[in-house]
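First up is the structure itself, then whatever we jot down about it.
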Amino acid sequence: MNKPLISMESINKVFYSDDVETHALSNINLTIHEGEYLAITGPSGCGKSTLLSVLGLLDTASSGNYQLASQPSMNLSTKQRSHIRNKEIGFIFQSFNLISDMSVWENVLLPLSYRSDLKNNEKDALAKEALEQVGMSHRMNHYPAQLSGGQQQRVAVARAIAGKPSLLLADEPTGNLDTKNAKAVMELLSKLHNTGCTICIVTHDPNYAAATQRSVHMIDGQIVADEQNPRAAVNDFMADIEATA
Ligand SMILES: Nc1ncnc2c1ncn2[C@@H]1O[C@H](COP(=O)(O)OP(=O)(O)OP(=O)(O)O)[C@@H](O)[C@H]1O
Ligand SMILES: [Mg+2]
């Protein structure tokens, strides 16, 4: 087994709003190893997006320990968090979240533009490579509104992977797509996983969860099941994709 990339111990997240206290995450213990591909499943409101936000340093836990790549991440400043996030973590959202008045090329280049460790020609090369990986190079000069939903999500995947993050997080990446495009995005994620990417997706769909290596099931802010998916289910899913492609 590869070394742990993520290590969460006794993570809690409480939201306070008006008089209501919501325990969105309760005593989460989760280790994710480099190169793993896992799915987080569970009913609406159980804390999946909250867990992904904490994993991706978009939000902080109320208590507990969280180590990302062996670095403690609980006491980082906002600036340190955004620096690590920009370099190490790629996000994909249900609603694509592309910037409408920027071209495909500008959207993919945007997160790289904040990277002081890369030269401009390196940024260009990374953006080009990411667009090639998702099969969208031919739409480089288009704007998001000129693309189908499936194409927009492929551009969003390119934007997320362009900086070669250690961790790719996707919250319902197929939620706004029809079956064919959803399968295309899942196939893309499987391919990225095969190139060594560590991926964590949130999904409602048990078939898509079964296409990953490991399923973590949540209820009421807690992890209630954590199991390896049978290899056969992954193979069946890929065969099904090839049959419908
Ligand atoms: N910013 C916030 N302020 C207050 N409560 C919040 C906030 N974000 C989430 N919550 C609450 O935390 C709980 C978990 O929400 P979360 O969005 O993580 O659920 P989810 O599993 O992603 O649901 P869904 O499948 O519907 O997307 C919910 O009860 C929600 O109302
Ligand atoms: Mg959610």
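The values are calculated or read from the model by the stated rules, or taken from the named source; none is laboratory data. Every value quoted in this text rests on a predicted model; they were computed, and no experiment measured them. Cβ coordinates were reconstructed from backbone atoms using ideal geometry, including for glycine residues, and neighbour counts include every protein chain displayed. Calculation scope for accessible area: heavy atoms of the full protein, side chains included, ligands and nucleic acids excluded. Shrake-Rupley method; radii C 1.70, N 1.55, O 1.52, S 1.80 Å.
Whenever you get a sec, line up Ser49, Ser100 from highest to lowest accessible area (probe 1.4 Å, protein heavy atoms).
Solvent-accessible surface, decreasing: Ser100, Ser49.
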Förster radius 30 Å - calculated FRET efficiency between Thr31 and Asn207, Cβ distance, rounded to 0.05 | 0.70
Determine the dipole magnitude for the stretch 155-245: charges of +1 sit on the beta-carbon of Lys and Arg, -1 on that of Asp and Glu, nothing else is charged, the reference point is the Cα centre, and the result goes in debye to the nearest 20.
-> 420 debye
Ser63 and Lys164 label points (each 7 Å along its Cα→Cβ direction) are spaced in nm at 4.1 nm
In bins 5 Å wide, starting from 0, what share of all Cα pairs of the stretch 136-222 does each bin hold, as a percent?
-> 3, 12, 25, 23, 19, 11, 5, 2, 1
Place a +1 charge on the Cβ of each Lys and Arg in the chain and a -1 charge on the Cβ of each Asp and Glu, then give the dipole magnitude about the Cα centre in debye, rounded to the nearest 20.
-> 740 debye
Could you work out the helix-only [θ] at 222 nm for the chain, with each DSSP H run of four or more residues adding -39,500 (n - 2.57) and the total divided by the number of residues, to the nearest 500 deg cm²/dmol?
-> -11500 deg cm²/dmol
Share of the chain's accessible area from carbon and sulfur, percent, 1.4 Å?
-> 48 percent
Sorting Gly163, Met186, Tyr66 by the position of each Cα along the dipole of the chain (Lys, Arg +1; Asp, Glu -1; all at Cβ), the one nearest the positive end of that ordering is Gly163
How big is the gap, in Å, between the Cα center of the stretch 134-182 and the Cα center of the stretch 10-87?
-> 24 Å
Which is farthest toward the positive dipole end of the chain among Gly56, Asn120, Gln80, measuring Cα position about the Cα centre, with Cβ charges +1 (Lys, Arg) and -1 (Asp, Glu)?
-> Asn120
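Can you give the accessible area per residue of the chain, in Å², using a 1.4 Å probe?
Per-residue accessible area for the chain comes out at 49 Å².
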Rounded to the nearest 10 Å², what accessible area does Arg231 show when all protein chains are kept and the probe is 1.4 Å?
-> 150 Å²
Top to bottom by accessible area (1.4 Å), largest first, where do Val157, Val224 land?
-> Val224, Val157
